[in-house]
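A.B. asks: I'd like to ask some things about the structure below.
What follows is calculated from the coordinates using simple rules that are stated; it is not laboratory data. Treat the numbers as computed from the prediction; the structure is a model and nothing was measured. Cβ coordinates were reconstructed from backbone atoms using ideal geometry, including for glycine residues, and neighbour counts include every protein chain displayed.
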Amino acid sequence: MRRLTVSADAFDARPDLADGGDDPAHARIERWVAGLVRDGSLVPTDRLPPEGDLAAALGVSRMTLRQALASLEQRGLVERRRGRRGGTFVTRPRIELDLTGLLGFTEQLRRAQVRAGARVLSASRETAPADVAEALVLPAGAAAHRVVRVRLADDEPLALEETWLPAPLFDGITDHDLTGSIYELMGRHFDAAPHTADEWLEPVLATLEQATLLGTAPQAALMLVTRVAHDARGLPVELARDRYRSDRTRVHLRTTVR
């Protein structure tokens, strides 16, 4: 851990907050610190200078600086801790999941410039449980493929995925390599790629098994994303329950007035 001072190289090019720019000072400070994290001048576990020192160096009040730090903390770029060993620490940026469009995990991480991977825990053909059959519009007793994977970001566990696919549409899909994009596989080999989806988000707590698989603590907060996807013909092609580590991800949605 580096305990940085205002004279550290990372802070050489401080923003000139006296030039009367259009944006308020706290927004410009936030943008500056975020840029230092993005270009690697500040790295995870770095401890920023004390608030008083940094505010004085920037020529702003502590209140203005705290506004900037609060926004950075909300974005997951820093963490503020209290106590004798407290301070403001740089954290690893959370990976942004864009649920505005229907992007698979692999494409989400590619856009975030993070290497995607998967560890397949199971892939089987089973009788669809009642809730799965209802979501996929299957008759009672029909078969569905169940694929359970731990999704990786730069080889670190990020999400636990449980995916159900209707067997009549995807016969033999579990014979394929399932460590890559299942969406790409669904489209390329079965002509039934997801086209639209309904998704539901809710916070849940990790069970002991889930925590072990995700490398986090039992009862840690996870974000559960439940999704029912349809292909271009309107046929249901997927029921997924994805549990994301909330300390490593955040969800982005773009909405418009209807």
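A.B. asks: What net charge do the residues around Ala133 carry, taking every other residue with its C-beta under 13 Å from that of Ala133, with Lys and Arg at +1 and Asp and Glu at -1?
C.D. replies: Details: positive: Arg146; negative: Glu126, Asp131, Glu134.
Residues close to Ala133 contribute a combined charge of -2.
A.B. asks: Let me ask something else about it. Could you work out [θ]222 nm for the chain from helices alone, using -39500 (n - 2.57) per DSSP H run of at least four and dividing by all its residues? Round to the nearest 500 deg cm²/dmol. Present the calculation step by step, with values, prior to reporting the outcome.
C.D. replies: Values: 7 runs with 65 residues, N = 258.
Using -39500 (n - 2.57) per qualifying helix, the result is -7000 deg cm²/dmol.
A.B. asks: On to the next question. Treating the beta-carbon of each Lys and Arg as +1 and of each Asp and Glu as -1, no other charges, what is the dipole magnitude of segment 5-62 about its Cα centre, to the nearest 20 debye? Don't jump to the answer; show the numbers that get you there.
C.D. replies: Details: 6 positive and 11 negative charges, 33 e Å.
The calculation lands at about 160 debye.
A.B. asks: Sticking with this one: State, as an integer percentage, the relative contact order of segment 206-258 based on alpha-carbon contacts under 8 Å between residues 6 or more apart.
C.D. replies: Working: 59 pairs, mean separation 14.1, N = 53.
After rounding, I find 27 percent.
A.B. asks: Remind me, what semi-axes does the chain give for its equivalent ellipsoid, largest first in whole Å, using sqrt of 5 times each Cα gyration tensor eigenvalue?
C.D. replies: Details: eigenvalues 391, 72, 48 Å².
Those come to 44, 19, 15 Å.
A.B. asks: Can I ask one more? In debye to the nearest 20, how big a dipole does the chain give about its Cα centre with +1 on each Lys and Arg Cβ and -1 on each Asp and Glu Cβ? Working shown, then result.
C.D. replies: Numbers: 35 positive and 37 negative charges, 209 e Å.
Using Cβ point charges on Lys, Arg, Asp and Glu, the chain gives about 1000 debye.
A.B. asks: Farthest toward the dipole's positive end in segment 9-90, which of Thr88, Leu65, Pro15, given Cβ charges of +1 (Lys, Arg) and -1 (Asp, Glu) about the Cα centre?
C.D. replies: Thr88
A.B. asks: Using +1 at the C-beta of Lys and Arg and -1 at the C-beta of Asp and Glu, which of Gln219, Leu253, Leu136 has the Cα lying farthest in the positive direction of the dipole of segment 117-258?
C.D. replies: Leu253
A.B. asks: Between Glu51 and Ala13, how many nm apart are label points set 7 Å from Cα along the C-beta direction?
C.D. replies: Going from the Glu51 label point to the Ala13 one covers 2.8 nm.
A.B. asks: Name the residues of segment 94-122 whose amide N is less than 18 Å from a point 7 angstrom out from the Cα of Arg258 along the C-beta direction?
C.D. replies: 99-102
A.B. asks: Further question on the same structure: Compute, for segment 37-153, the length of the dipole vector about the Cα centre, with Cβ point charges of +1 (Lys, Arg) and -1 (Asp, Glu) only. Units Debye, rounded to 20. Can you show the working numbers first?
C.D. replies: Working: 20 positive and 12 negative charges, 103 e Å.
With Lys and Arg at +1 and Asp and Glu at -1, about 500 debye.
A.B. asks: Could I ask something else about it? Give me a comma-separated list of calculated 3J(HN,Hα) values for segment 93-100, in order, Karplus coefficients 6.51, -1.76, 1.60 applied at θ = phi - 60°, integers in Hz, x for any Gly or Pro.
C.D. replies: Whole-Hz 3J(HN,Hα) from phi for segment 93-100: x, 5, 7, 8, 9, 8, 9, 5.
A.B. asks: For segment 105-121, take each phi angle, set θ = phi - 60°, evaluate the Karplus expression 6.51 cos²θ - 1.76 cosθ + 1.60, and give the result in whole Hz per residue in order, putting x for glycine and proline.
C.D. replies: My calculation for segment 105-121 gives 4, 4, 5, 4, 6, 4, 5, 7, 6, 10, 7, 8, x, 8, 10, 7, 8 Hz in order.
A.B. asks: When only C-alpha pairs under 8 Å and at least 6 residues apart count, what is the relative contact order of segment 95-252, in percent?
C.D. replies: 24 percent
A.B. asks: If you don't mind, another one. Just grab the label-to-label distance for Glu134 and Gln113, each label 7 Å out from Cα along the Cβ direction, in nm (one decimal).
C.D. replies: Each label point lies 7 Å from its Cα, and together they span 4.5 nm.
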